Amino acid sequence: MEKVIYDILLVAMLVVSAFIIVAIFMQPSKQDGAADAFSGGTGELFERRKARGFEAVMQRFTAIMIGLWLVVGFALVVLSTR
């Protein structure tokens, strides 16, 4: 029975990992270019902007997926030590 649960959690870990990768790649860029940091765009570099719309959804989705990934990882560790 533990082997079946372990296999299900392992597949879940792989699926959640794929979702995390996709979510990170779908997030919009936060800077216009690397040259802005050296050419006077440093004010915008350290400015804190609140995420809105699609960006906010992607940040929340990524955070939830990472939390789920950690929980599944801890469960796999516990099952593998038995």
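The values are calculated or read from the model by the stated rules, or taken from the named source; none is laboratory data. Please read these numbers as outputs of a predicted model, since none were measured by experiment. A quick note on method: Cβ atoms are made from the backbone with ideal geometry, for glycine too, and the neighbour counts reach across all protein chains shown.
Looking only at residues in the range 55-77 that are at pLDDT below 95 and over 10 Å from the mean Cα position of the chain (by Cα), which one is surrounded by the fewest Cβ atoms within 10 Å (Cβ to Cβ)? Looking at the filtered set, the residue picked out is Ala56.
In the range 13-27, the residues that are assigned to a helix (DSSP H, G or I) form Cβ pairs under 9 Å with partners that are exposed (fewer than 12 other Cβ atoms within 10 Å of the Cβ), at six or more places apart or across chains, as follows: Met26/Phe54.
Taking every residue in the range 53-82 that is free of Cβ contacts under 8 Å to residues at least 60 places away in the same chain and pairing it with any residue that is among the polar types (S, T, N, Q) and surrounded by 11 or more Cβ atoms within 10 Å (Cβ to Cβ), at least 6 positions away or on another chain, the pairs with Cβ-Cβ distances below 8 Å are Glu55/Gln27; Met58/Gln27; Gln59/Gln27; Thr62/Gln27; Trp69/Ser17.
Scanning the range 42-52 turns up at least one residue that is modelled with pLDDT under 90 and hydroxyl-bearing (Ser, Thr, Tyr).
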